[in-house]
1. Looking at Arg102 and the list (1) charged (D, E, K, R); (2) over 15 Å from the mean Cα position of the chain (by Cα); (3) over 15 Å from Ala141 (Cα atoms), which single condition is not satisfied?
2. For His43, which of the numbered conditions (1) modelled with pLDDT of 95 or more; (2) surrounded by 15 or more Cβ atoms within 10 Å (Cβ to Cβ); (3) on the phi > 0 side of the Ramachandran plot fails to hold?
3. Could you tell me which numbered condition Thr77 fails, if it satisfies all but one of (1) open to solvent by 60 Å² or more (accessible area, probe 1.4 Å); (2) farther than 18 Å from Arg7 by Cβ?
4. Could you tell me whether region 3-21 includes any residue that is over 17 Å from Asp136 (Cα atoms), free of Cβ contacts under 8 Å to residues at least 60 places away in the same chain and either assigned to a helix (DSSP H, G or I) or open to solvent by 70 Å² or more (accessible area, probe 1.4 Å) (or both)?
5. Taking the options Gly29, Gly48, name whichever one is open to solvent by less than 60 Å² (accessible area, probe 1.4 Å), more than 20 Å from Pro150 (Cα to Cα) and either in a helix (DSSP H, G or I) or in contact with a helix residue (DSSP H, G or I) (Cβ under 9 Å, 6 or more places away or on another chain) (or both).
6. Could you tell me how many of the residues in region 24-57 are touching a Gly at 6+ places or on another chain (Cβ under 8 Å) and within 19 Å of Glu154 (Cβ to Cβ)?
7. Within region 13-20, does at least one residue satisfy the condition of being under 20 Å from Glu94 (Cβ atoms), modelled with pLDDT under 95 and either among the small types (Gly, Ala, Ser) or touching an Asp or Glu at 6+ places or on another chain (Cβ under 6 Å) (or both)?
8. Only one of these conditions is not met by Leu92: (1) surrounded by 14 or more Cβ atoms within 10 Å (Cβ to Cβ); (2) closer than 23 Å to Phe22 by Cα. Which number is it?
Amino acid sequence: EEVFTFRLAACDDQVDRDYELFTAETLGGLAALFVGKSVLMDHTWRAGSQTARVYAAGVEDSGGVKRLILRCYMPRTDQTAGTITAIEAGILRECSVGCAVRRAVCSVCGADQSKTCCPHIPGREYDGQLCVMALDGARDAYEVSLVAVPAQPEAGVIKTKRYGGAETQNPQEPQAPDNTLLLAKAAQELEEKRYGGNFTC
């Protein structure tokens, strides 16, 4: 097989290190927007930082936590061998999303920070209530990056391959659309025309 695939738990609806959280509606909106986007290294927006690409996405509910799951692929080449080894070994694991939302709503007063600036500071308590900004309404998805320290502690590569056995299938995980193979083959033909590569799905 000359194409390496992996899954990323990109973000969820839990409070992160920045005292922000994505609403369930936002996660669903981001799922549609992330298909076709690049996987980068450290949010470096340049062509040389492109590592893989998202080919399918969906929201998975696990133990009451909703997570945006991204399915990604990259060709197996001499250039990507080190990255693939690092992902399989768990060295490259954590990830972070680059996206835009329509609203950031204060949990204390309900003010939309895109329209007004309230006096409440995320992470502080006001009369026993923790201030958190709810990121609501998916507006755009730019990229997802492999990083060293993500804002969301649980964001990262999901290991599904069991060495010496078949890959397990989670019935709740998002499935690739029926035309995924056709899209991948079309992308492969494009890459071969652009770079003279010789890899197959």
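1. Only one criterion is unmet by Arg102, namely (3).
2. (1)
3. Condition (1) is where Thr77 drops out.
4. The answer is no, given that none of the residues of region 3-21 is over 17 Å from Asp136 (Cα atoms), free of Cβ contacts under 8 Å to residues at least 60 places away in the same chain and either assigned to a helix (DSSP H, G or I) or open to solvent by 70 Å² or more (accessible area, probe 1.4 Å) (or both).
5. Exactly one residue qualifies, and that residue is Gly29.
6. Number of matching residues: 4.
7. For region 13-20, residues under 20 Å from Glu94 (Cβ atoms), modelled with pLDDT under 95 and either among the small types (Gly, Ala, Ser) or touching an Asp or Glu at 6+ places or on another chain (Cβ under 6 Å) (or both): absent.
8. The number of the failed condition is (2).
The values are calculated or read from the model by the stated rules, or taken from the named source; none is laboratory data. All figures in this text were calculated on a predicted structure; none of them were measured in a lab. Positions of Cβ are generated from backbone atoms using ideal geometry, with glycine treated the same way; all protein chains shown enter the neighbour counts. Side chains are part of the model used for accessible areas, which takes the heavy atoms of the whole protein and leaves out ligands, DNA and RNA. Shrake-Rupley method; radii C 1.70, N 1.55, O 1.52, S 1.80 Å.
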